[in-house]
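Dropping the structure in here first, questions after.
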Amino acid sequence: MRVKKLAENKTLTFYSSDIHTTLEVPMIETIKAGFPSPADDFIEVPLDLNKALIKNPSATFFARVSGNSMEDANISDGDLLIIDRSIIPQDGKIAVCFIDGEFTVKRLQFKGDECFLLPANEKYKPIKVSKENEFIIWGIVTHVIKAM
């Protein structure tokens, strides 16, 4: 997979996706997180991460996270987000939003006609979106890739 840097602001760096390349890696279908099982149970099958992680290639982008407002949602500084712009925003989804000239990643909350952007870190306050805000829901986060 190749990526091309598209834009950057203080919270996110955006990349396009190019899934014309393939890289199949062996995948063990099931690994037990509880008691170990005999190695004979493992069956390796090829895995193409492009196919596994990207459902709508023309609407998919990547963004590198800067900041810690979503730590309790397991999104940390330096993580790579996979964003699908074709998914319809719904209450509770984590989205990349553009508000008043800045991109941010937050959990969406809809209450009647109101929209809130909820951080997942108690150090930050929710953002109530009003008619005065320049606002779009840019895309829905589908995966988080992080280093261990």
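The values are calculated or read from the model by the stated rules, or taken from the named source; none is laboratory data. The shown structure was predicted, so the numbers you read here are calculated from the model rather than taken from an experiment. Here the Cβ is made from the backbone with ideal geometry for all residues, glycine too, and neighbour counts use every protein chain on show. Just so you know, the surface numbers come from the protein's heavy atoms only, side chains and all, with ligands and any DNA or RNA stripped out. Shrake-Rupley method; radii C 1.70, N 1.55, O 1.52, S 1.80 Å.
Mind listing which trypsin sites (Lys or Arg not before Pro) in the stretch 30-138 are in a DSSP loop and have 10 or fewer other Cβ atoms within 10 Å? Show your work: numbers first, answer last.
On the way: sites: 32, 51, 55, 64, 85, 93, 106, 107, 111, 123, 128, 131; in loops: 32, 55, 85, 93, 123, 131.
Passing both the DSSP loop test and the Cβ count: 32, 123, 131.
Which is the longest part of the chain that has none of the GluC sites (Glu not before Pro) sitting in a DSSP loop with at most 14 other Cβ atoms within 10 Å? Write down the numbers at each step before the final one.
Numbers: sites that count: 29, 122, 132, 134.
That would be 30-121.
Stretched out fully, how many nm does the piece from residue 116 to residue 145 gain, at 0.36 nm a residue minus the Cα gap?
Working: separation 29, 0.36 × 29 = 10.44 nm, distance 2.53 nm.
Length gained, residue 116 through residue 145: 7.9 nm.
Taking K and R as +1 and D and E as -1, what net charge do the other residues with C-beta under 11 Å from the C-beta of residue 71 add up to?
Numbers: positive: 123; negative: 72, 77, 79, 122.
Value of the local net charge: -3.
Just subtract the alpha-carbon distance of residue 44 and residue 85 from 0.36 nm times their residue separation and send over the number in nm, one decimal. List each step's numbers first, then the result.
Numbers: separation 41, 0.36 × 41 = 14.76 nm, distance 3.26 nm.
This chain segment gains 11.5 nm when fully extended.
Rounded to a whole number, what % of the accessible area of the chain do carbon and sulfur atoms account for, probe 1.4 Å? Don't skip to the answer; put the middle values down first.
Details: 5190 of 9730 Å².
Of all accessible area on the chain, carbon and sulfur atoms account for 53 percent.
Which of the pairs 4/106; 55/111; 10/106; 111/131 have their Cα atoms more than 18 Å apart in this structure? Please report the intermediate quantities before stating the final value.
On the way: 4/106 24 Å; 55/111 29 Å; 10/106 15 Å; 111/131 15 Å.
As for pairs spanning more than 18 Å Cα to Cα, those are 4/106; 55/111.
Same structure again: Restricting things to alpha carbons, find the Rg to Rh ratio for the chain using the Kirkwood radius for Rh. Please list the in-between numbers first.
Values: Rg = 17.8 Å, Rh = 17.1 Å.
Answer for the chain: 1.04.
Taking the solvent-accessible surface of protein heavy atoms with a 1.4 Å probe, what is the per residue accessible area of the stretch 72-135 in Å²? Before the final figure, lay out the partial values.
Details: 3850 Å² over 64 residues.
On a per-residue basis, 60 Å².
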